[in-house]
Amino acid sequence: MKLTAVSNRLQRSGYIVRIFPTAASAARYLSDTIFGKTVGFGGSMTLEALGLWDSLSLHNTVYSHLHGFSAGPEAANAQIYISSVNALAETGEIILIDGDGNRASAVLFGHEKVYFVIGHNKLASTYDAAIWRARNIAAPLNARRKQKKTPCAIKADRCYNCNSPERICRAMVTLWRPLSGMETEIILIDEDLGF
């Protein structure tokens, strides 16, 4: 199973990793584990598919710009930050593309713990394939979802490396290891989730 091999590689790199067969089982785990905390979300269709806003809001203070909060300080200063990724290489690299910098900066610093929630569809065989996936699959679909007027959103087929003022891919972050001083847990789900 690919998820087991990826999990083993990520654990050797220093991450905490858990594998779940379904989004529902992963959501239950996160809801049961995170209690009485402030929680920030990155804008993520994966997190939306898990229904985490509803379940975590029952016993935490949750900030997400998809649910009426700004993309700024509340989520960035939360004790816990939860995000998905645009791609995960089977060689262990985690890839995120960002337009505003809120998600990219939040996964890098300032929280007690960061969780990455990753569906099976985000896997790519190599680092180069993960970058390709992030730029040519995830970014165009997210641009289309946000109704941006960019070449990739119009055709939803690939990155055009455009100069549009509405471009959503302005920075890319690669994580090779968990960052010092911040626990990072990866939730791998054996279902296709998000872009």
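The values are calculated or read from the model by the stated rules, or taken from the named source; none is laboratory data. Remember, it's a predicted structure, so these values are computed and weren't measured experimentally. So basically every Cβ, Gly included, is an ideal-geometry build from the backbone, and we count neighbours across all protein chains shown. We work out accessible area using only protein heavy atoms, side chains counted, and drop any ligands, DNA or RNA first. Shrake-Rupley method; radii C 1.70, N 1.55, O 1.52, S 1.80 Å.
What the table below lists for this structure:
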item	result
Single unsatisfied condition, residue 188 versus (1) over 14 Å from the mean Cα position of the chain (by Cα); (2) modelled with pLDDT of 90 or more	(1)
Matching residues, the range 35-52, being in contact with a strand residue (DSSP E or B) (Cβ under 6 Å, 6 or more places away or on another chain) and over 14 Å from residue 193 (Cα atoms)	37, 38, 39, 40, 41, 42
Any strands (runs of 3 or more DSSP E) falling wholly within the range 66-147 and containing at least 1 residues that are farther than 18 Å from residue 177 by Cβ	80-83, 94-98, 113-119
Number of the exception - residue 75 against (1) over 19 Å from residue 30 (Cβ atoms); (2) surrounded by 23 or more Cβ atoms within 10 Å (Cβ to Cβ)	(1)
Qualifying residue in the range 174-187 (condition: without any contact (Cβ under 8 Å) to a residue 60 or more places away in the chain and not in a loop (DSSP other than H, G, I, E, B))	no
Residues being among the hydrophobic types (A, V, I, L, M, F, W, C) and either open to solvent by 60 Å² or more (accessible area, probe 1.4 Å) or closer than 27 Å to residue 110 by Cα (or both) - total across the range 142-178	8
Within the range 109-120, considering residues that are open to solvent by less than 40 Å² (accessible area, probe 1.4 Å) and touching an Asp or Glu at 6+ places or on another chain (Cβ under 7 Å), the one nearest to residue 185 (Cα to Cα)	115
Filter result (among the small types (Gly, Ala, Ser), under 18 Å from residue 48 (Cβ atoms) and at pLDDT below 95) within the range 100-130	106
Residue check for residue 18: in contact with a Leu (Cβ under 8 Å, 6 or more places away or on another chain), at pLDDT 95 or above and not aliphatic (A, V, I, L, M)	yes
Answer from 58, 52 - the residue that is surrounded by 14 or more Cβ atoms within 10 Å (Cβ to Cβ) and of a type outside the set (Val, Ile, Thr)	52
Of the criteria (1) open to solvent by 10 Å² or more (accessible area, probe 1.4 Å); (2) under 17 Å from the mean Cα position of the chain (by Cα), which one residue 2 fails	(2)
Given (1) surrounded by 18 or more Cβ atoms within 10 Å (Cβ to Cβ); (2) over 17 Å from the mean Cα position of the chain (by Cα); (3) free of Cβ contacts under 8 Å to residues at least 40 places away in the same chain, number of the condition residue 124 does not satisfy	(2)
